[in-house]
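Structure first, commentary second.
Every read-out reported here was derived from the displayed coordinates using simple, explicitly stated rules and does not represent laboratory data. From a predicted model like this one, the values you see are computed outputs, not experimental measurements.
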Amino acid sequence: MDGNGRWAKQRMLPRVVGHQRGVEAVRRTVRAAGEIGLEALTLYAFSTENWRRPEDEISALMGLLKRFILADLEEIAGNGVRLRIIGDYKAFPADVVELLDGALTRTAGNTGLNLVIALNYGAQDEIARAAAKAAAEGAVTVDTIAAHLDTADLPPLDLIIRTSGEVRLSNFLLWQAAYAEMAFLDVLWPDFTGEHLAAALADFGKRERRYGGR
């Protein structure tokens, strides 16, 4: 979900306004994903590298996360969405962790869309943690590493959509992306809509996936 800062800068607004509009785009996208019938949607909300940002911006992001949970949890739960988290969210402030734990518990029994939020997540860190766990148990193989990834009980990754015109993965789901399709869209995240999601999925549906074969 890239482009919040640039969206705000283009309009000569504070970066936090861009993040606020980005939350609105999250709402639109989650609703659209549910209507389309997606099995899982993963949103890269806060990376391990985001701690390098200014303290006031980090504080604003934490505040937005809290407000999103407080304002949207009942709608999410009521629509059958199950909230999942990848990454070490326990490193967040205690009040944020408490809200997240409550949201996970509140939606644990839902069987609709798996809404996966990547929080304090970095793919290299995830792979290192998974390999260490595999080594502690015995053989380190592709299968044993995969079994210890944060996404081990989630469906395979099919499509990565990156907004804002950037063409890189930025430490996101590197292991899972081995044979995923990719879509790089020249639209800033606050302007992303359900129509953009539907168009990306329609394009994905036309692609031939060979997984290394002919």
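Observations, loosely collected:
- Normalised by residue number, the volume inside the convex hull of the Cα atoms of the chain is 132 Å³ per residue.
- Translational diffusion of the range 1-86, µm² s⁻¹ [Kirkwood Rh, Cα pairs; Stokes-Einstein; 10 °C; 1.306 mPa s]: 113 µm²/s
- Proximal lysines to residue 133, defined as alpha-carbon separation beneath 25 angstrom and excluding residues fewer than eight positions away on the same chain: 90
- Of the DSSP H helices in the chain, those whose Cα atoms cover at least 18 Å axially and whose Kyte score averages -1.0 or more: 15-36, 55-78, 94-107, 123-137
- Structure remark: mean-square fluctuation, Gaussian network model of the chain, C-alpha springs under 10 Å; the largest value among 111, 163, 193 belongs to 111.
- Compared with the direct C-alpha span, the chain from residue 57 to residue 101 gains 13.5 nm at full extension, assuming 0.36 nm per residue.
- Counted residue by residue at 0.36 nm each, then reduced by the alpha carbon distance between them, the extension gain from residue 152 to residue 177 reaches 7.6 nm.
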